[in-house]
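Read the figures in this text as sums done on the coordinates, not as results from a lab. Model, not experiment: these values are computed from the prediction. Cβ: placed from backbone, ideal geometry, glycine included. Neighbour counts: every protein chain shown.
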Amino acid sequence: MKIELSQSFMNAVKRLSGKSLDSIREMYENVAKAESVGGIANCKKLINFKHTYRIRIGDLRVFFILYLVADGNIVHFEYLKHRGEAYKKGMLERLRDKDRQK
């Protein structure tokens, strides 16, 4: 799959180090090699969203939007949040707005 990164996601990754950063790298490679969403480890579709998924990496949550295009799928990594922040109302509203823009 083709991968795109948002500025928010890149900024969050820059703040990581050690094992968390290694886990993000492994997840990135896993997504790049996957032929479909079903091939991505620890990935679930968010309830009441059309195109938004999350990947669980320990205490971190990676949110991405899947764009289906004719020549292959595009995964757009939108946010990387700690699980305590990931499901707050404001965060979910921002995700829902991005999901609708698709």
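Brief remarks follow.
- Centroid-to-centroid, using Cα positions, the stretch 1-69 and the stretch 74-102 are 12 Å apart.
- As a rough footprinting exposure proxy, the listed residues 54, 94, 83 were ranked by other beta carbons within 10 Å of their own, and the order from fewest upward is 83, 94, 54.
- Between residue 21 and residue 4, the contour length at 0.36 nm per residue exceeds the alpha carbon distance by 4.3 nm.
- Eligible lysines near residue 88 by straight Cα distance, threshold 20 Å, same-chain separation 8 or greater: 44, 45, 50, 98
- All Cα pairs of the chain, percent lying beyond 16 Å: 54 percent
- Relative to the current alpha-carbon distance between residue 67 and residue 29, full extension at 0.36 nm per residue lengthens the span by 11.9 nm.
- Here's the list of lysines a cross-link from residue 14 could span, going by alpha-carbon distance under 17 Å and ignoring same-chain residues fewer than 8 apart: 81.
- Highest-fluctuation residue, 30, 48, 73 considered, GNM on the chain with Cα pairs under 10 Å: 48
- Along the axis of the charge dipole computed for the chain (Cβ charges of +1 for Lys and Arg, -1 for Asp and Glu, origin at the Cα centre), the listed residues 38, 80, 23 are led at the positive end by 80.
- For 91, 27, the sequence from fewest to most other C-beta atoms within 10 Å is 91, 27.
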